[in-house]
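Below: one structure, written as structure tokens.
Since every read-out is calculated from the coordinates, none of them should be taken as a lab result. On a predicted model such as this, the values are computed, not experimentally measured, just so you know. No Cβ is skipped: glycine too gets one built from the backbone with ideal geometry, and neighbour counts run over all protein chains shown.
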Amino acid sequence: MTRRVSLATLSLALVVAACAGSAGSTATATPTTVASAPPAASASASADPLRLVILGDSIAVPEVGCGECIGFDEQYAAYLETQTARPVGLRNEAVPGDRIQSLKSLLETNTAVQGEIAKADIVVVSIGYNNGPPWDPDDPCHVPLVERDADLIPAILAMTPECITETIDMYRGELDAVYGRIEALAAGRPQVRITFGVFDNIRDNPGGDGTLPLVSPENMQPALELFASISDQWNAMDCGVATAHGFVCADLRHAFNGPDGNGSVGPYTAPDWVHPNEAGQAVMAKLLQRVDVSAVTGR
């Protein structure tokens, strides 16, 4: 899915209204790099545009979770216009269902996307959710498919710490290729690169077939702890690889799951417990707004 959005004439009042409606959902997490907001200004059509490119999976496709609401990408673009007095050219190249492998292929074969990244001032990536448990058949910690979601919990609890570590380490090289490719396409020019990481959506999740609440407390509590641990291990790996290639880690996990990482993502996601709703979009935009972009804006 490819979307081109021009924000030169977007009404900022709509963005303000959308953010105000989600004021109670402001993220508590603090990304790796935080900047104080520069003075507000009006975008000038004569100024050189800032180029913003979004990559990854359906977490980064706003309409999947919130329909016609103003997505995080447009909110962030409007914020940048206001703060820098420059128009923003937004390209959202995120693809529902995308995985690390498919994003890697896109970066290697799609010359149009390569060109967009090469010229981009800011690149935002959301990837990894679709590579998580129960993992692929050839992954060390793969869990076979079961008939009911409730049966997945005891199957996942059979995973060992060793196979979890081995599986996460296996994806380290895949992510290194993705982030390294984005860095290489910038060819040394100033560019702000941001990764969201993944969040943990098992707590209070009814499951696709509504059977997860049937899991006994003696099984569900260890499963909650295991999933939280896997999410933390994954994000630590993801952030380590990303920062080696000049990325900032926006830490969507602690924005959605709370400071201790054990909260429900229900307030921030659609009924599927996966895709960010309107409140979730506002949280994602806030995380991006806190990242220092002075290297590309001069402000």
Read phi for every residue in the stretch 111-125 and hand back ³J(HN,Hα) as whole Hz from Karplus 6.51 cos²θ - 1.76 cosθ + 1.60, θ = phi - 60°, with x for Gly and Pro. 5, 5, 5, 4, x, 4, 5, 4, 9, 5, 8, 9, 10, 10, 10
Quick one: what are the phi-derived ³J(HN,Hα) couplings along the stretch 276-287, Karplus 6.51/-1.76/1.60 with θ = phi - 60°, whole Hz, x for glycine and proline? x, 8, 4, 5, x, 4, 5, 5, 4, 5, 4, 4
Sort TYR79, TYR268, TYR179 so that the residue with the fewest other Cβ atoms within 10 Å of its own Cβ comes first and the one with the most comes last. TYR79, TYR179, TYR268
Protection-proxy order for peptides 138-150, 51-63, each taking the mean of Cβ atoms within 10 Å per residue, highest first: 51-63, 138-150
May I ask you to compute the full-extension gain from CYS163 to ASN110, defined as 0.36 nm times their residue separation minus their alpha-carbon distance, rounded to one decimal in nm? 15.7 nm
Between GLY89 and residues 5 or more places away or on another chain, the pairs with built amide H atoms under 5 Å apart involve LEU50, ARG51, LEU52
Gain upon complete extension [ARG189, GLU218; 0.36 nm per residue less C-alpha separation]: 5.1 nm
Using the Karplus equation 6.51 cos²θ - 1.76 cosθ + 1.60 (θ = phi - 60°), what ³J(HN,Hα) coupling, rounded to whole Hz, does each residue of the stretch 199-208 give in order, writing x for Gly and Pro? 10, 10, 10, 7, 5, 6, 6, x, x, x
Where the centre of each part is set by its Cα atoms, how far does the stretch 151-178 sit from the stretch 236-270, in angstrom? 18 Å
For GLY56, list long-range residues whose amide hydrogen, built 1.01 Å from N in the peptide plane, is under 5 Å from its own amide hydrogen. ALA94, VAL95, SER126
